[in-house]
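Report on one structure; see the data block that follows.
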Amino acid sequence: MFTGVSVQRNRKIVPLQFCCFLCNMNEQLPDSEERIQSQCFQWAWNAYPNTRGLLCYNLNNSRNRIDGARNRALGLQPGRADMVLYWRAVATFFEFKTPTGSQSAIQEQWQGKVQANGFRYHVVRSVPEFQQLFTSIMRYG
């Protein structure tokens with residue numbers, strides 16, 4: 001659940017509490033990449049409010065061929081990690097996988113490119129793993 005945004009309701013400003021669209025999916029999709037990513041994002045949002053807006057989702061899957069062509073023309077890179085954290089002048093990439101999931105060849109190629117250029121890249125398989133990693137980044141950079 002996210003908090004901190006206000007809306008006007010019955011002429012009063014009240015805190016808006018909402019859950020991202022994947023919250024309901026969490027119950028329906030056990031061990032899915034989307035569930036792991038959603039829970040990790042929500043945890044970071046609440047545990048480290050100073051990183052809000054700095055942990056970003058990357059659009060990876062277009063809705064259809066037309067959107068896919070448009071997104072590629074705008075610079076969408078195939079294989080890009082699911083999320084990126086911009087923190088203290090460093091970009092850290094996160095790819096979310098189930099405990100048994102594996103990266104595609106194009107994802108491995110993209111990982112190699114960004115790591116060869118000095119960026120951090122992590123394949124995350126669980127919420128506790130993400131929490132430990134994120135906390136370490138917050139403490140030590």
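The values are calculated or read from the model by the stated rules, or taken from the named source; none is laboratory data. Every value quoted in this text rests on a predicted model; they were computed, and no experiment measured them. All Cβ positions, glycine included, derive from the backbone under ideal geometry; neighbour counts span all protein chains shown.
May I ask you to verify whether ASP82 is free of Cβ contacts under 8 Å to residues at least 12 places away in the same chain and surrounded by 13 or more Cβ atoms within 10 Å (Cβ to Cβ)?
no
Among the listed residues GLN103, GLN132, GLN107, GLN115, which satisfies the condition of being at pLDDT 95 or above, out of contact with any Gly (no Cβ under 6 Å at 6 or more places or on another chain) and surrounded by 14 or more Cβ atoms within 10 Å (Cβ to Cβ)?
Answer to the selection: GLN103.
Answer yes or no as to whether ASN50 is exposed (fewer than 12 other Cβ atoms within 10 Å of the Cβ), over 20 Å from GLY141 (Cα atoms) and of a type outside the set (Phe, Trp, Tyr).
no
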